[in-house]
Amino acid sequence: MELKPSESLKVDTFSMRIGDIGGVELDRLHALSLSVGWPHRAEDWQFLRESGQGFVALDEIGRVLGSAMWFAHGADFATVGMVITSPRLQTLGAGQWLMKRVIENVVGCDLRLNATRAARRLYLSLDFQPEKTVYQCQGIALTQMTGGVTNTPGDIRTLGANDIPAAIALDAAGFGVRRAALIEKLFAHSSGYGLFKGDTLNAFALCRPFGRGHVVGPVVAEHDADAIAVVKPHVTDHSGSFLRIDTHMHNGEFAAFLSHSGMPVFDTVLTMSMGKSLTDFAGGAITPMTYALASQTLG
C-alpha cells in the first residue's frame, strides 16, 4: 500500500495544505470539533496538544478543515485520535490524506485508535484491524445504586503525587504499554481514588473535567468489584452532574453499575489496531484490566 502523502491536496475548487496543530489557535480547533458534534472544549484540545503531536489541514486562506493527532508511548507504540474533517470534505479524501501524514511519522510503531462508524471504512483502507467495541456511557450521575456488589476488602483512599509510580505500573499492566508521561499529566488534571490492600495499590480511577462535565478514566482493576469500588466515589462526588465513562465492558457487574449510576450506553466506537492486536498486549487472566479508557482519543 502506498502511504507517501503529497504536500497538498486538491479538493473541489481549492487546495489544502498541512500545518502543525501546535501553531493553530484553540478557538479554530474548537470550531472544527463543534462542526462534527464532538463535545471537546478548548481546554480539552489544549490538554491533547500538550500530550501529543498532530497536523491540521488548512485551506488557501488558513481555515482549519481537518485534524489528526498521535500520542506516542515509548519508541514503538502510539494511539491515534482527533481525526476530524469538516462535513463538506468527509467523502473527498481529506481524512486519508491526514492519516497518511500521521502514519509517515510513526513508522515502526504499533498503532491503536477508536473509530466512529463514519470513519471505519477509512481505517480499514489503511489496514487497521477491528478489535473490540467501546461503550460510551454517560448521563446525570446518580448515587442510588442497586445490584448485588459484594464488599471489597481494602481501603479506598484519595490519590496523591506519591501514588503516581504505583498507578503508572498498574496502568501499564492493564493497558499493555507503559504510559508514564500521560499518567503523570492526568494526575495533574484529575482527582483520583485508589483501592489499597495494605500498602499496595490494587485499583484506581481518575476523573477530570471534559466536554459537557467530567469523564472518569482510566480505571484499572483486577475485578468488577474493585473497579466499582474506585469509580463509586466519583459518582458520589458528581451526583446530579454530567458524567461519562468509556469502557470495553458490556456486561457483568461493572456494566450494570454504570447503568444504575445514571450512565447508560449513549454510543459506541470500535477499537482498531495496526500491528500488534489487543490480545498481543494482554496479560494473564488474573492481571489488572483497563476497565475504562482515559478517553477515546488517548485509549
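Would you check if ASP237 is in contact (Cβ under 8 Å) with a residue 40 or more places away in the chain and over 14 Å from ALA141 (Cβ atoms)? It is false that ASP237 is in contact (Cβ under 8 Å) with a residue 40 or more places away in the chain and over 14 Å from ALA141 (Cβ atoms). Taking residues in the stretch 178-207 that are outside the structural domain of PHE47 (by TED's automatic domain parsing), and partners anywhere that are among the basic types (Lys, Arg) and in a strand (DSSP E or B), the pairs with Cβ atoms closer than 9 Å and at least 6 places apart or on different chains are LEU186/ARG208; HIS189/ARG208; SER190/ARG208; SER191/ARG208; TYR193/ARG157; GLY194/ARG157; LEU195/ARG157; PHE196/ARG157. Can you tell me which residue in the stretch 40-75 is nearest to GLY211 (Cα to Cα), limited to those that are touching a residue at least 60 places away in the same chain (Cβ under 8 Å), touching a helix residue (DSSP H, G or I) at 6+ places or on another chain (Cβ under 8 Å) and of a type in the set (A, V, I, L, M, F, W, C)? By that ranking, first place goes to PHE47.
If the condition is being within 23 Å of TYR123 (Cα to Cα) and touching a Pro at 6+ places or on another chain (Cβ under 9 Å), then the stretch 256-280 contributes LEU270, THR271, MET272, SER273.
The residue that is surrounded by the fewest Cβ atoms within 10 Å (Cβ to Cβ), counting only those in the stretch 233-289 that are polar (S, T, N, Q) and under 15 Å from the mean Cα position of the chain (by Cα), is THR268. The conditions of being at pLDDT below 95, small (Gly, Ala, Ser), outside the structural domain of ARG244 (by TED's automatic domain parsing) and within 23 Å of VAL177 (Cβ to Cβ) are not met by ALA115.
Screening the candidates THR236, THR152 for the property of being of a type in the set (Val, Ile, Thr), farther than 30 Å from GLY74 by Cβ and modelled with pLDDT under 95 yields one hit, THR152. Out of all the residues in the stretch 40-60, is one or more basic (Lys, Arg), over 15 Å from the mean Cα position of the chain (by Cα), over 23 Å from THR268 (Cα atoms) and buried (at least 17 other Cβ atoms within 10 Å of the Cβ)? No, the stretch 40-60 contains no residue that is basic (Lys, Arg), over 15 Å from the mean Cα position of the chain (by Cα), over 23 Å from THR268 (Cα atoms) and buried (at least 17 other Cβ atoms within 10 Å of the Cβ).
Selection of the stretch 102-137 for residues being basic (Lys, Arg) and either more than 20 Å from VAL36 (Cβ to Cβ) or touching a helix residue (DSSP H, G or I) at 6+ places or on another chain (Cβ under 9 Å) (or both) yields ARG112, LYS132. Taking the criterion of being within 22 Å of ALA203 (Cβ to Cβ), in a loop (DSSP other than H, G, I, E, B) and of a type in the set (S, T, N, Q), the residues of the stretch 251-295 that qualify are ASN251, SER261, THR287, SER295.
The values are calculated or read from the model by the stated rules, or taken from the named source; none is laboratory data. Predicted model, so just to flag it, every value in this text is computed and none were measured. Don't worry about glycine lacking a Cβ; one is built from the backbone with ideal geometry, like all the others, and counts go over all protein chains shown.
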